[in-house]
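K.L.:
Got a structure for you, questions after.
The values are calculated or read from the model by the stated rules, or taken from the named source; none is laboratory data. None of these values were measured; they are calculated from a predicted model. We place every Cβ from the backbone using ideal geometry, glycine too, and count neighbours over all the protein chains shown.
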Amino acid sequence: MALNPNGYRSSQFGHYYKAWSKRVNPVMHMNHKACDKMYVDYAGKTLSIIDKDTVEIKEVQFFVAILGASQYTYAEASMSQQKEDFVTSVENAMRFFEGTPAAIVPDNLKSAVIKSSRFEPTINETLADLAEHYQTTILPARAYKPRDKSLVEGAVKILYRRIYVNLKETKFFSLEELNQQIWDLLDAHNSRKLTGRPYSRIELFLEDEQQKLSQLPQERFEIKYQSFATVMQNGHVQLSQDKNYYSVPYQYVKKKAKLLYTKSTVEIYHKYNRIAIHPRNYKPYIYTTIPEHLASTHQFVALWSAARFIDWASSIDESVAEYIMQIIESRNHPEQAYKSCLGILNFEKKVGKERLINACKRALDFKIYNFKTIQNILENNLDHIEFEQEPDQELPIHGNIRGKQYYN
């Protein structure tokens, strides 16, 4: 006042400043349509739980969601504001409301908005996936524009008085225990009459808003994580998170692939096109293979099994099937016999069914079970000798035949 003796004093300054601010910065009244928007935010002050094992006090976040028209409110505690916890809380709110609003209005936290913009903010990919799953949209509040989310900020203040104050002195030893207490107090809040009105939030919600919300999808949302890999020569990509492998069509060998995985599925993309989908397998170093993904030669090998070779041999003759069974049983592991079985059965194309049958009968009589035995019988035309005329001797000595004593 010494410098400006004719200036306004504080009361007059406040009066004229208020009149000026109304003139240059008018506040638009927000009309909220039923089921139009759900506003979500976190309270500035946190709650806490006590770890039973370490007795460590852990801070937890206080999440709030409110429907615009009825002001029906949902709240819960979560471990963090990270995208996994944030998306779960948003989904829990929609499940609580038993319907999906036309839009979800979050603040500009990183779990919702990667990059703020007045005209086209970049939505977090996980939140965008949630919106797609629930057939809704994300409309972030403008940065530094608190009036865009004044409804939820007002709800946070009210819940602070009605819920937070009643909890801060109580000790909770789990998130579930804390949330149960929050929901009990929340029921009382939603059932309380609105100021100056003869109805409560839940009454207004049931009468005006519940039936207008879109129907919830049957399946809950699963968060997608991503990984990148190059398709290996064997037609599989590795999911590094679990250290296991998933097949893709063989045409994509050596191509770059993007893996999107949830708790239950693994989707594989190449240049934005999905080329494979598999159920997720958490056991490490396991190959999950769809036979149609393999090249034709690889498909044939992949289908090798003891039962397949025995069935193939049975279609030729019982003696051939018996010989194949003896080969498989004589090995420590069935797969050790597969190439021998394949070589023997392929003789049908080379020498004909009758010669192969006779060769197997003769080899069964010798009780020597390997590919070389059948090969030597056919090369030496021993399959043509009648059994009754056959001299009482074993196979001729040959460098490639180990003899039956080798298998004793």
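K.L.:
Could you go through segment 183-200 and let me know if any residue there is of a type outside the set (A, V, I, L, M), modelled with pLDDT of 80 or more, assigned by TED's automatic domain parsing to the domain that holds K52 and within 25 Å of D51 (Cβ to Cβ).
P.N.:
Yes, that holds for at least one residue.
K.L.:
Which of the numbered conditions does K263 fail, given that it passes all the others? Conditions: (1) modelled with pLDDT under 90; (2) surrounded by 13 or more Cβ atoms within 10 Å (Cβ to Cβ); (3) not assigned by TED's automatic domain parsing to the domain that holds Q135.
P.N.:
Against the list (1) modelled with pLDDT under 90; (2) surrounded by 13 or more Cβ atoms within 10 Å (Cβ to Cβ); (3) not assigned by TED's automatic domain parsing to the domain that holds Q135, K263 comes up short only on (2).
K.L.:
Okay, next question. Could you grab me the full set of residues in segment 204-233 that are charged (D, E, K, R), assigned to a helix (DSSP H, G or I) and in contact (Cβ under 8 Å) with a residue 12 or more places away in the chain?
P.N.:
Within segment 204-233, the subset charged (D, E, K, R) is 207-209, 212, 219-220, 222, 224.
Then drop every residue that is not assigned to a helix (DSSP H, G or I), which leaves 207-209, 212.
Once the filter is applied, which keeps residues that are charged (D, E, K, R), assigned to a helix (DSSP H, G or I) and in contact (Cβ under 8 Å) with a residue 12 or more places away in the chain, segment 204-233 yields D208, E209, K212.
K.L.:
On to the next question. Please find, among Y369, Y406, the residue that is under 60 Å from the mean Cα position of the chain (by Cα), modelled with pLDDT under 90 and exposed (fewer than 11 other Cβ atoms within 10 Å of the Cβ).
P.N.:
Criteria check complete, one pass: Y406.
K.L.:
When the residues of segment 193-203 are narrowed to those that are free of Cβ contacts under 8 Å to residues at least 24 places away in the same chain and part of a loop (DSSP other than H, G, I, E, B), which ends up nearest to Y72 (Cα to Cα)? Walk me through how you get there before you give the answer.
P.N.:
Start the filter on segment 193-203 by keeping residues that are free of Cβ contacts under 8 Å to residues at least 24 places away in the same chain, which leaves 193, 195-200, 203.
In the following step, the residues that additionally are part of a loop (DSSP other than H, G, I, E, B) were identified as 195-199.
Numbers: T195: 14, G196: 16, R197: 15, P198: 15, Y199: 12 Å.
Going through the qualifying residues, I end up with Y199.
K.L.:
Tell me which residues, restricted to segment 52-72, are touching a residue at least 40 places away in the same chain (Cβ under 8 Å) and not aliphatic (A, V, I, L, M).
P.N.:
Across segment 52-72, the qualifying residues are K52, F62, G68, S70, Q71, Y72.
K.L.:
When you go through Y245, Y164 one by one, which is the residue that is surrounded by 14 or more Cβ atoms within 10 Å (Cβ to Cβ), part of a helix (DSSP H, G or I) and either touching a residue at least 60 places away in the same chain (Cβ under 8 Å) or not assigned by TED's automatic domain parsing to the domain that holds A103 (or both)? Show your work before the answer.
P.N.:
Numbers: Y245 fails: part of a helix (DSSP H, G or I).
None of the others qualify; the one that does is Y164.
K.L.:
Hey, another quick one. Does C360 satisfy being over 30 Å from I290 (Cα atoms), in a helix (DSSP H, G or I), modelled with pLDDT of 80 or more and of a type outside the set (A, V, I, L, M)? Outline the logic, then answer.
P.N.:
Numbers: over 30 Å from I290 (Cα atoms): yes; in a helix (DSSP H, G or I): yes; modelled with pLDDT of 80 or more: yes; of a type outside the set (A, V, I, L, M): yes.
For C360, the condition - over 30 Å from I290 (Cα atoms), in a helix (DSSP H, G or I), modelled with pLDDT of 80 or more and of a type outside the set (A, V, I, L, M) - is met.
K.L.:
Please go through (1) closer than 17 Å to T73 by Cβ; (2) touching a strand residue (DSSP E or B) at 6+ places or on another chain (Cβ under 8 Å) for K224 and return the number of the only condition it doesn't satisfy.
P.N.:
Just one mismatch for K224, condition (1).
K.L.:
Could you tell me which residue of segment 372-403 is surrounded by the fewest Cβ atoms within 10 Å (Cβ to Cβ), considering only residues that are touching a Phe, Trp or Tyr at 6+ places or on another chain (Cβ under 9 Å) and modelled with pLDDT under 65?
P.N.:
E394
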